[in-house]
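Reviewing the structure listed below.
The values are calculated or read from the model by the stated rules, or taken from the named source; none is laboratory data. The model shown is predicted, which means the values in this text are computed figures rather than measured ones. Because the Cβ atoms are built from the backbone with ideal geometry, glycine has one as well, and the counts that use them run over all protein chains shown. Heavy atoms of the whole protein, side chains included, go into the accessibility calculation; ligands, DNA and RNA do not. Shrake-Rupley method; radii C 1.70, N 1.55, O 1.52, S 1.80 Å.
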Amino acid sequence: MISVATGHRLLVALPFVLVALIWGWLAFERRLAALPPRAGFFRRNGWPVGIYLILAVALWLLGMVVLPQLFMVELSFRPKLPFNQLGGPRDVYTLENYRYFLFGSPTSTESWNTVHLRAFATTILSAIFIAGFNLLLCYPIAFYMAQGATGARLRLLLLLLIAPYWVNEILRAFAFRVIFASSGLLNTVLLGAGLIAAPIDFIGRDIALFSGLIYAYTLLMVFPLYNALDNVEAAQIEAARDLGAPWWHIHLFVVVPAAKAGIASGCTLVFMLATGALAAPLVLGGPSAMRFTPIVYDRFYQVFNWPQGAAYAFVLLVACLVVVVAGLRLLRLNLTDTAR
Amino acid sequence: MTAEVALEAMTVRFGPFTAVDDVSLTVAPGEFFSFLGPSGCGKTTLLRTISGFVEPTSGTLRIGGRDMRGIGPNRRPTALIFQSLALFPLMTVVENVAYGLRVRGHSRAARRARAEALLNVVALGDQGGKRIDQLSGGQKQRVAIARALAVEPEVLLLDEPLSALDLKLRQHMRNELRAIQRRVGITFIYITHDQGEALTMSDRIGVMRGGRLEQVGTGRALYDSPETAFVASFVGEANAMPGVVRDAADGYAVVETAFGSLQGRNPAGMKRGSQAVLFVRPERLLPLSTTPPCCPQNRVRARVADLAYEGQVTHVMCAAEGGRLLAVLGPRDGEPPAPGSDVSLAFTARDAVVLPPATQA
């Protein structure tokens, strides 16, 4: 078993080893593909700019993204200890935080931690649902923007889409609460119109939460879609129509395949953010609906068990990546396609 | 199956702009018909109206006798070949060709068989498995044709499909298109701004200008007997000599121009005193250093300004009193006169045509 001190040293070395490996691999691929050697990085950019670029990217990626994440991962494998015992004999690597996530106890494996596991599954599944629903909702909007709208109308539509984001996220969530509460706007209107006899519990049935989350991420879905659909040549759509295709056939077999990368990009963004949403579940979540992100939050700030919180966060991250990669495989895309 | 296309008083307006203005025309079944005109003359709008992407503001369109009003492009017996070709980049060649059959619910095997047969028609039999971006320009062209033919259209519409190709390939594809049209026997309606394409391929040509149909006829008729000044100057090269009609009789008119008093045919029946332009084709102008043996009434004195050797012919640029004139000498016309020498440009009255000046379109 490696000691915590060795672990720390490995941790700091790991990003650099990774960078070196990736760099070497890329160079190897270039040689395999027999690409001509490119002009040197510094020759193309000049020394001052070259050094700045490398330092800025390294500082940003390693210092602010990779290292903190790695420290969280490392932390997740350590027990929760009082401050004065850190680095002491009890500070060893352990799986107890992950054990707690699965079985609800740091030691026993008798019964499943149903509350947390269920919240975890709910969070992942509902994020998939939200991404899918958002896609259905945003595709027509993005298609109209890309292929139908002209000049002034496009600008108006963009403004209408962006304007809600001038309002703070928490405020937007509370606004949805005002609309969906049992004595809220929607129920009052429906009751007043005589459409329902008793108020509908939108919040208890999670309708408020789903609406809020779907609404929150429309823009993140619309823009990648718009970008992708804008690149579909209008003549191709006309050609398909001219060859006799009904509209659904054109979308399914001509437009969507061409916009696949944008669809994957939008879905990835929305899915990732929906799993990590914190404010909306807190404000709009029903009493019975437990989401995983607030649980992670509680590990850190209510239970003050940072190692456990780190383990929970890491589990969520891995699960998200698995879902995203599986989704991309399903669409026969790779990760770099989504960044196009 | 092939069909007649009949346009009756077809007008298409976009807001205040009239793109197609009162066009009436009947294209016979199996005919290769070209619309020829400069860009912005409304020919593409006309083609999009026939294919169903644009609804006419007024007038009727009949294909095979059937009124096409309210029938969408996906339900018309036409197929359109786009200027950009609009092939589906994510499908293979076979999948592209078979797309229209897939829409119609044909089985995979039937689709494949028909697509391969069509690829053989366009001489791409062995390229079926390739991706679109692996093909050359001419091959893409042929895929687009095969894809359009796969749905068995009664009328094939072509929107300047050769404009993206280089000169050699374009000339080759002209013959190819003509051959394919003869083989499949359906009506072709072809749009182009290239008079060479229109003249070589078409049975008949409609010259368009400012949304209107100026003249319809065979290539020879348009070239030899233009009915308007625009057709005379747009189809082929022509020397234009504006002036006033001094005398008109027996189908001929004498025009007083800056080049002198010249005589030509008068198909428009122009009256004495009206503004007119006399047109002479460059190959009908004979630059001679001696006194010409013919046509004493049509002689213009000029000095040779420049020679341009074009291989088959030599262009002789001449400076006359009234302006510049172009003569074209073929290999059988003898040695061209030397630059700087004085010549006499002569032509017969039969080779000149007097027409009213072009109105502003």
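So the values come out like this:
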item	result
Output for the range B:155-173, where each listed residue is of a type outside the set (A, V, I, L, M, F, W, C), surrounded by fewer than 18 Cβ atoms within 10 Å (Cβ to Cβ) and either under 26 Å from B:T49 (Cβ atoms) or under 15 Å from the mean Cα position of the chain (by Cα) (or both)	B:S163, B:Q171
Exclusive hit being outside any loop (DSSP other than H, G, I, E, B) and out of contact with any strand residue (DSSP E or B) (no Cβ under 6 Å at 6 or more places or on another chain), set B:R303, B:R324	B:R324
Selection within the range B:190-247 - without any contact (Cβ under 8 Å) to a residue 60 or more places away in the chain, farther than 27 Å from B:T78 by Cβ, part of a strand (DSSP E or B) and open to solvent by less than 40 Å² (accessible area, probe 1.4 Å)	B:G243
Check on B:G138, away from chain A (no Cβ under 14 Å) and open to solvent by 10 Å² or more (accessible area, probe 1.4 Å)	no
Which numbered condition A:G104 fails, given (1) open to solvent by 40 Å² or more (accessible area, probe 1.4 Å); (2) free of Cβ contacts under 8 Å to residues at least 60 places away in the same chain; (3) closer than 29 Å to A:A319 by Cβ	(1)
Some residue of the range B:174-181 being more than 13 Å from chain A (Cβ to nearest Cβ) and either under 25 Å from A:P257 (Cβ atoms) or of a type in the set (V, I, T) (or both)	yes
Enumerated helices (runs of 4 or more DSSP H) restricted to the range A:190-251, each holding at least 2 residues that are free of Cβ contacts under 8 Å to residues at least 40 places away in the same chain and within 14 Å of another protein chain (Cβ to nearest Cβ)	A:234-242, A:247-250
Residue match in the range A:115-131 (condition: modelled with pLDDT under 90 and farther than 28 Å from A:G286 by Cα)	no
Condition met for B:A308 (without any contact (Cβ under 8 Å) to a residue 12 or more places away in the chain, in contact with a strand residue (DSSP E or B) (Cβ under 9 Å, 6 or more places away or on another chain), more than 23 Å from B:A248 (Cβ to Cβ) and open to solvent by less than 80 Å² (accessible area, probe 1.4 Å))	yes
Residues satisfying the stated conditions in the range B:75-105, i.e. surrounded by 19 or more Cβ atoms within 10 Å (Cβ to Cβ), more than 12 Å from B:D133 (Cβ to Cβ) and at the interface with chain A (Cβ under 7 Å from one of its Cβ atoms)	B:A79, B:L80, B:F82, B:A86, B:Y99, B:G100, B:V103
Tally, over the range A:156-199, of residues that are open to solvent by less than 70 Å² (accessible area, probe 1.4 Å) and under 24 Å from A:Y217 (Cβ atoms)	17
Residues located in the range B:27-42, provided they are out of contact with any Cys (no Cβ under 9 Å at 6 or more places or on another chain) and under 17 Å from B:M201 (Cα atoms)	B:V27, B:A28, B:P29, B:G30, B:E31, B:F32, B:F33, B:S34, B:L36, B:G37
Yes/no for A:C320 being open to solvent by 20 Å² or more (accessible area, probe 1.4 Å), touching a residue at least 12 places away in the same chain (Cβ under 8 Å) and either of a type outside the set (S, T, N, Q) or farther than 21 Å from A:A208 by Cα (or both)	no
Selected residue (only one of B:G59, B:G42 is away from chain A (no Cβ under 12 Å), surrounded by fewer than 22 Cβ atoms within 10 Å (Cβ to Cβ) and farther than 30 Å from B:D133 by Cβ)	B:G59
Qualifying position, being within 14 Å of chain A (Cβ to nearest Cβ), at pLDDT 90 or above, open to solvent by less than 70 Å² (accessible area, probe 1.4 Å) and more than 16 Å from A:A239 (Cα to Cα), among B:A115, B:A110	B:A115
Tally, over the range A:238-248, of residues that are over 17 Å from B:L47 (Cβ atoms) and open to solvent by 10 Å² or more (accessible area, probe 1.4 Å)	4
Residue count for the range A:195-241, restricted to those that are more than 27 Å from A:R291 (Cβ to Cβ) and aromatic (F, W, Y)	1
Residues that are more than 14 Å from every other protein chain (Cβ to nearest Cβ), open to solvent by less than 20 Å² (accessible area, probe 1.4 Å), in a loop (DSSP other than H, G, I, E, B) and of a type in the set (A, V, I, L, M), drawn from the range A:253-293	A:A277
Filter pass, B:E152 being surrounded by 19 or more Cβ atoms within 10 Å (Cβ to Cβ) and within 11 Å of another protein chain (Cβ to nearest Cβ)	no
Matching residues, the range B:312-361, being open to solvent by less than 50 Å² (accessible area, probe 1.4 Å), closer than 17 Å to B:T290 by Cα and not hydrophobic (A, V, I, L, M, F, W, C)	B:G334, B:P336, B:P337, B:G340, B:S341, B:S344
Residue that is nearest to A:A274 (Cα to Cα), among those in the range A:294-308 that are touching a residue at least 40 places away in the same chain (Cβ under 8 Å) and in a helix (DSSP H, G or I)	A:I295
Residue that is least open to solvent (accessible area, probe 1.4 Å), among those in the range B:260-270 that are within 13 Å of B:L355 (Cβ to Cβ) and touching a strand residue (DSSP E or B) at 6+ places or on another chain (Cβ under 7 Å)	B:G264
Test: A:R299 is at pLDDT below 90 and in contact with a Phe, Trp or Tyr (Cβ under 7 Å, 6 or more places away or on another chain)	yes
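Condition check ((1) polar (S, T, N, Q); (2) out of contact with any strand residue (DSSP E or B) (no Cβ under 9 Å at 6 or more places or on another chain)) across all residues:
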position	(1), (2)
B:P161	no, no
B:K168	no, yes
B:Q215	yes, no
B:P226	no, no
B:G243	no, no
B:A258	no, no
B:R272	no, no
B:V277	no, no
